[in-house]
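Remarks on the structure that follows.
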Amino acid sequence: MSALPRDAARTEAPPQSWRLRRSGLLPGFSFTFGFTLFYLGLIVLFPLAVLLLKAAQLSPSQIWGIVSEPRALAAYRFSFGASLTAALLNALFGLLVAWVLARYRFPGKALCDALVDVPFALPTAVAGIALTSLLAPNGLIGRLFDAVGIQIAFARPGVVIALTFVGLPFVVRTVQPVLLELDPALEEAAAVLGASRLQTFLRVLLPAIFPSLLTGFALAFARALGEYGSIVFISGNLPGKTEIVPLLIVTKLEQYDYAGATAIAAVMLLLSFLLLLAINLLQTRTRAARAVRK
Amino acid sequence: MRTHSAIAEPGAIRWTLTAFAVAFLALFVALPVASVFLQAFEHGPGAYLAALTDPEALSAIRLTLVAAALSVPLNTVFGVTAAWLIAKYDFAGRGVLLTLIDLPFAVSPVIAGLIFVLLFGAHGLLGPLLSRHEVRVIFAVPGIVLATTFVTFPFVVREVLPILESQGSDQEEAAVTLGASGLTVFFRVTLPRIKWGLLYGVILCNARAMGEFGAVSVVSGHIRGETNTMPLHVEILYNEYNFVGAFAVASLLALLALATLLAKRLLGDGSHGGQGQPGASQEAR
């Protein structure tokens, strides 16, 4: 996952390398092309195609029946709602963290910058049990909320918190490089023309970083939709209430309901494809906009 | 630029924002990581060591090492080849190829496991063929390796590609002009310049391989002492309320994550245009 958001920060290859590549002087094209396609096909494309093939063997009414049963609908609704909330929280906190890391100096800044990457590197199962034990009614933090009658773990808030943890690096790592690259002349001009700091932020800075913020939001959302490892511990997994789509797929599979698992997974796979396409489009646009600014 | 008072926030706002950001990171990230170690050592180092030397824990550690030892080299060879292909040659469909390579990032780990069940499981496409030859893929080690390979597929490409692109092809072209073969160019010219970024890509790929949960969970069958990897063992222990055991195994995975982040600091971050030496990217941040 980690490479995706940083990809937005990727600098385009210098123009002369394009020219050289076109000259085709380097040997090995057919070998590397053949090997790449073979391995990609074997590990990724063929297995994914089998899923779509299996789904295509079901009739449309069968698929609709599986996908529209109340339990599946509830899972889709819960997954989407929780992922959307978490991605919004990530956009908010991610922008704050990116802003502070890009603009201010303070003791412990290097450590904070390193902390941002922790959710990338920490296995989701580890994050899952750590968050669950903290947020459970008898946990260090959960007990405070339990005292006032709010349940966090084994309920919706716990799921949103776990998804926020998992998606945190995406917004920070897409917004931070854009903030670092912004030309201070823009802000100076706004200040000279009499804009307040808040006006400058809202009318000059925010429009400039908005595409990267949107990209980070979409990445965090996509990641949250597919997340399984941490949620399976914290959600309580109540069918129709706190059951996410990936868990429903696993449940169907464990009941040997291959058609059910396949149909639900195929719908989700298509949604993921659409999200990936949207993200790629966003990143291409962001990169083009930044190339113009430079 | 931060010294220009015209474009800086008042001190109070600056400190409030910083305090919020630091508090958020401390609460959301630092505390959960710290709690892993605290709970692992809750009953002292003796219980911690006992949990780690338990035969089932050892077998889970062994299987995790085996799965990573097979899937990481595969993805490394592929990653370098694909990155070279995309960076060095101009051909139609480069963008499509890159999107396809990113696919495993977008697919839920559970679906990554499911596709191999549909392919190799008892009711799968190749299931009857496999059972005729008494080959087990699902609920066995090959399935775990395949699922792990799928999930960690794009990591090396994504680390190496930006470095190759930022370096251009001048030196490789010079070497070819002087009569070097393709392999010689790669090993003598390209590899020395990408080695640190490549090393970080491999470390990252390895961390994800060892920590993968969802995909492996679907294909493993959770057979204790046989098809349990470390993250799956963590789940089993946790669900049995053996919290010290669960957090002890989890602490090993957390250490691996921290070591991976340390490697990122030391080796520099390839995508920020590292010049093939440690720390080269620091100035870019």
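Here is the figure for the range B:36-60: residues that are surrounded by fewer than 20 Cβ atoms within 10 Å (Cβ to Cβ) and either within 12 Å of another protein chain (Cβ to nearest Cβ) or not acidic (Asp, Glu) (or both) total 17. Assess whether A:Ala220 counts as being of a type in the set (A, V, I, L, M, F, W, C), assigned to a helix (DSSP H, G or I), within 14 Å of the chain's Cα centre (by Cα) and more than 12 Å from chain B (Cβ to nearest Cβ). Against the criterion (of a type in the set (A, V, I, L, M, F, W, C), assigned to a helix (DSSP H, G or I), within 14 Å of the chain's Cα centre (by Cα) and more than 12 Å from chain B (Cβ to nearest Cβ)), A:Ala220 qualifies.
Comparison of A:Ala190, A:Ala278, A:Ala288, A:Ala263 shows that the only residue that is among the small types (Gly, Ala, Ser) and either surrounded by 21 or more Cβ atoms within 10 Å (Cβ to Cβ) or within 30 Å of A:Ala155 (Cα to Cα) (or both) is A:Ala263. The residues on offer are A:Ala82, A:Ala74, A:Ala91, A:Ala114, and the sole one that is at pLDDT 90 or above, at the interface with chain B (Cβ under 10 Å from one of its Cβ atoms) and either closer than 30 Å to A:Val178 by Cα or surrounded by 14 or more Cβ atoms within 10 Å (Cβ to Cβ) (or both) is A:Ala114.
Go through the range B:73-97 and count every residue that is under 14 Å from A:Tyr39 (Cα atoms) and touching a residue at least 60 places away in the same chain (Cβ under 8 Å).
The total comes to 8.
Residues in the range A:34-93 that are aromatic (Phe, Trp, Tyr), within 20 Å of A:Leu248 (Cα to Cα) and touching a Leu at 6+ places or on another chain (Cβ under 8 Å): 1 in all. Of the residues that make up the range B:144-160, is at least one assigned to a helix (DSSP H, G or I), without any contact (Cβ under 8 Å) to a residue 60 or more places away in the chain and farther than 21 Å from B:Glu226 by Cα? No, because not a single residue in the range B:144-160 is assigned to a helix (DSSP H, G or I), without any contact (Cβ under 8 Å) to a residue 60 or more places away in the chain and farther than 21 Å from B:Glu226 by Cα.
For the range A:101-111, the set of residues classified as within 8 Å of chain B (Cβ to nearest Cβ) and surrounded by fewer than 23 Cβ atoms within 10 Å (Cβ to Cβ) consists of A:Arg103, A:Tyr104, A:Arg105, A:Phe106, A:Gly108, listed by residue number. Among residues of the range A:122-134 that are more than 7 Å from chain B (Cβ to nearest Cβ) and of a type in the set (Ser, Thr, Tyr), those with a Cβ under 9 angstrom from a residue that is surrounded by 24 or more Cβ atoms within 10 Å (Cβ to Cβ) and not in a helix (DSSP H, G or I), sequence gap 6+ or separate chain, pair up as A:Thr132/A:Ala153; A:Thr132/A:Ser230. Of all residues in the range B:168-202 being outside any helix (DSSP H, G or I) and over 15 Å from B:Ala83 (Cβ atoms), which is nearest to the other protein chains (Cβ to nearest Cβ)? Looking at the filtered set, the residue picked out is B:Ser181.
Considering only the range B:226-237, I want to know if a residue exists there that is of a type in the set (Ser, Thr, Tyr) and within 8 Å of chain A (Cβ to nearest Cβ). No, because not a single residue in the range B:226-237 is of a type in the set (Ser, Thr, Tyr) and within 8 Å of chain A (Cβ to nearest Cβ). For the range A:128-160, what are the residues that are under 16 Å from the mean Cα position of the chain (by Cα) and crowded, with 23+ Cβ neighbours inside 10 Å? Residue satisfying the conditions is A:Val159 alone. State whether the residues of the range B:129-140 include one that is crowded, with 21+ Cβ neighbours inside 10 Å and either within 7 Å of chain A (Cβ to nearest Cβ) or free of Cβ contacts under 8 Å to residues at least 12 places away in the same chain (or both). Within the range B:129-140, none of the residues are crowded, with 21+ Cβ neighbours inside 10 Å and either within 7 Å of chain A (Cβ to nearest Cβ) or free of Cβ contacts under 8 Å to residues at least 12 places away in the same chain (or both).
Per this entry, B:Arg208 is counted among residues that are under 25 Å from B:Phe105 (Cβ atoms), part of a helix (DSSP H, G or I), within 11 Å of chain A (Cβ to nearest Cβ) and without any contact (Cβ under 8 Å) to a residue 60 or more places away in the chain.
For the range A:242-258, taking the residues that are under 23 Å from the mean Cα position of the chain (by Cα) and surrounded by fewer than 24 Cβ atoms within 10 Å (Cβ to Cβ), the one that is farthest from B:Thr229 (Cα to Cα) is identified as A:Thr242. A single member of A:Thr251, A:Thr284, A:Thr262 is in contact with a helix residue (DSSP H, G or I) (Cβ under 6 Å, 6 or more places away or on another chain), among the hydroxyl-bearing types (Ser, Thr, Tyr) and part of a helix (DSSP H, G or I), and it is A:Thr262.
The values are calculated or read from the model by the stated rules, or taken from the named source; none is laboratory data. None of these values were measured; they are calculated from a predicted model. FYI the Cβ positions are ideal-geometry reconstructions off the backbone, even for glycines, and counts take in every protein chain you see.
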